[in-house]
Structures are given as C-alpha cells and as structure tokens.
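Q: Just dropping this structure here.
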C-alpha cells in the first residue's frame, strides 16, 4: 500500500484565497483524521470521520474551515478565506478500528 | 485539556546512551501510544500499550504505563543518531477512537 497520500505537499497562497487540501487514506481504514501542527500549539485534532461520517469537528477553529469525505478513499479540508494565522502543517491520518494511526507526509501551508 | 504532556521538552544525549521520555495525562484511558516524528515528516507509530498492561517492549524500545499515576515512559536503549526526532505520546481518554497528542519531546542523539 502507498500509505496515506496528501496533496499538495506545499501550498503558498495570499490572504483571502481559498485553499483546498486533499487526502487519500489507506484502503480499508474506516477512520480519517485531520490535524494541524504549529510550533506554538503543537498537534491539534481538527476533525475526524468514521465510515465517511464526521464524528467530532469540535477542533475546527472557525467557520472558515470545512471538511468533507464524499467516499472512503478521499477527503478534503477547505479554508475559505485563508488568513496568515492558518499557516501550519496539516496532516491527514487514517486508522482501522482501534489501532495505530497512519499519518500522511503533511501539507505545509503558508498564507501571506 | 485531555492532552498528554511529555517531559522533558528537549533531550540531548551521546550515541550509545539511553534516552528516557515521560508522558503524563489527565483522564482515564483505554490505550496509550507513542509516535516518532522526523523533521518535516508525518508521525510514525512506535508502540501501543493498553491500560491493563504495565510494560511493553519492541526492539530497543521499552514503554511502561502507571495508570495510578497517569503516566508513561518511553526508554530508547543504545541510542543511535538516527533516533534523533520528536517523540509524542497519545491517549484516547476513554472517549472513543480519537487520540490526543502531547506536545512532544525533541530528542537529539549526538554521534
């Protein structure tokens, strides 16, 4: 298996623009997680899905953030409009039942 | 917060020495996991220990869990330069399948 795939790996955008991050989980995994990592706040859980259904989105910072999982092999995290404070590394991770999480390589987002 | 907290925040040792990192958490758990993150990469799972286990080994890694003290430790024996990374503990806080990650310990192994 190729592991968790994220795209793009790097994204530089201007404040106010829409940003879409993509994730393909490992086949057969029924949980998908979106995290954000910064030096100041560490690794934060934004939202997670079980069988494509959002279970807990309490970590989503504000309405500018939204996430979808239209099918078992694809998820998106969208920020609209983006702000400089959204600059971070965004990780997607997948998991099968109660077990270890497999992380993607991350998307480094810079909002200028 | 239900996050675990790792201690120390940073650790620097010579190659060949042992490295010990600690994790404390606040609420009861079902499982505790340790992950490693190399610079610029995603986290990689190292080991999972269940609440009814006290110690677990995997290669040069030894994890202990003391649920009465709500703490865990990760010992890396005979460290190598390649062990240089950040190490995170993650707890599930009995809430389901989501894990809460601590702030990490940055380990530097000097060749």
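Laboratory data are not the source of any read-out in this text; all were calculated from the coordinates shown. Computed from a prediction, not measured in an experiment: that's the story for all the values here. Cβ: placed from backbone, ideal geometry, glycine included. Neighbour counts: every protein chain shown.
Q: Test of understanding: among B:36, B:60, B:41, which residue is within 14 Å of chain A (Cβ to nearest Cβ), free of Cβ contacts under 8 Å to residues at least 60 places away in the same chain and in contact with a helix residue (DSSP H, G or I) (Cβ under 9 Å, 6 or more places away or on another chain)? Working first, answer last.
A: Details: B:60 fails: within 14 Å of chain A (Cβ to nearest Cβ); B:41 fails: in contact with a helix residue (DSSP H, G or I) (Cβ under 9 Å, 6 or more places away or on another chain).
Only one candidate passes the filter, namely B:36.
Q: Kindly state which strands (runs of 3 or more DSSP E) lie completely within the range B:37-111 and contain at least 2 residues that are farther than 29 Å from residue A:92 by Cβ and within 12 Å of the chain's Cα centre (by Cα). Before the answer, list the steps.
A: Values: elements: B:43-50, B:55-58, B:61-66, B:71-76, B:85-91, B:105-110.
Strands (runs of 3 or more DSSP E) meeting the threshold: B:61-66, B:71-76.
Q: Output the residue which, of all residues in the range A:93-112 that are within 8 Å of chain B (Cβ to nearest Cβ) and part of a loop (DSSP other than H, G, I, E, B), is surrounded by the most Cβ atoms within 10 Å (Cβ to Cβ). Full working, then the answer.
A: Step one: of the range A:93-112, the residues within 8 Å of chain B (Cβ to nearest Cβ) are A:93, A:95, A:97-106.
Next cut, part of a loop (DSSP other than H, G, I, E, B) only: A:97-100, A:104-106.
Details: A:97: 9, A:98: 14, A:99: 14, A:100: 20, A:104: 26, A:105: 17, A:106: 24.
Here the answer is A:104.
Q: Still on this model: Inspect all residues belonging to the range A:25-42 and state whether any of them is more than 14 Å from every other protein chain (Cβ to nearest Cβ) and not in a strand (DSSP E or B).
A: Yes, because at least one residue in the range A:25-42 is more than 14 Å from every other protein chain (Cβ to nearest Cβ) and not in a strand (DSSP E or B).
Q: Then there's this: Which of (1) within 29 Å of residue A:6 (Cβ to Cβ); (2) away from chain A (no Cβ under 11 Å); (3) touching a strand residue (DSSP E or B) at 6+ places or on another chain (Cβ under 9 Å); (4) free of Cβ contacts under 8 Å to residues at least 24 places away in the same chain is the odd one out, the single condition residue B:53 does not satisfy?
A: It fails just one condition, (1).
Q: Let me ask something additional. Of all residues being closer than 17 Å to residue A:87 by Cβ and either touching a residue at least 24 places away in the same chain (Cβ under 8 Å) or crowded, with 20+ Cβ neighbours inside 10 Å (or both) in the range A:43-60, which is farthest from the other protein chains (Cβ to nearest Cβ)? Just the residue, please.
A: Here the answer is A:46.
Q: Among the residues of the range B:1-23, is there at least one that is surrounded by 15 or more Cβ atoms within 10 Å (Cβ to Cβ), free of Cβ contacts under 8 Å to residues at least 40 places away in the same chain and not in a strand (DSSP E or B)? Lay out the reasoning, then the answer.
A: The first filter runs over the range B:1-23 and keeps only residues surrounded by 15 or more Cβ atoms within 10 Å (Cβ to Cβ), leaving B:2-7, B:11, B:13, B:19-23.
Now drop any that are not free of Cβ contacts under 8 Å to residues at least 40 places away in the same chain, which leaves none.
No: the range B:1-23 contains no residue that is surrounded by 15 or more Cβ atoms within 10 Å (Cβ to Cβ), free of Cβ contacts under 8 Å to residues at least 40 places away in the same chain and not in a strand (DSSP E or B).
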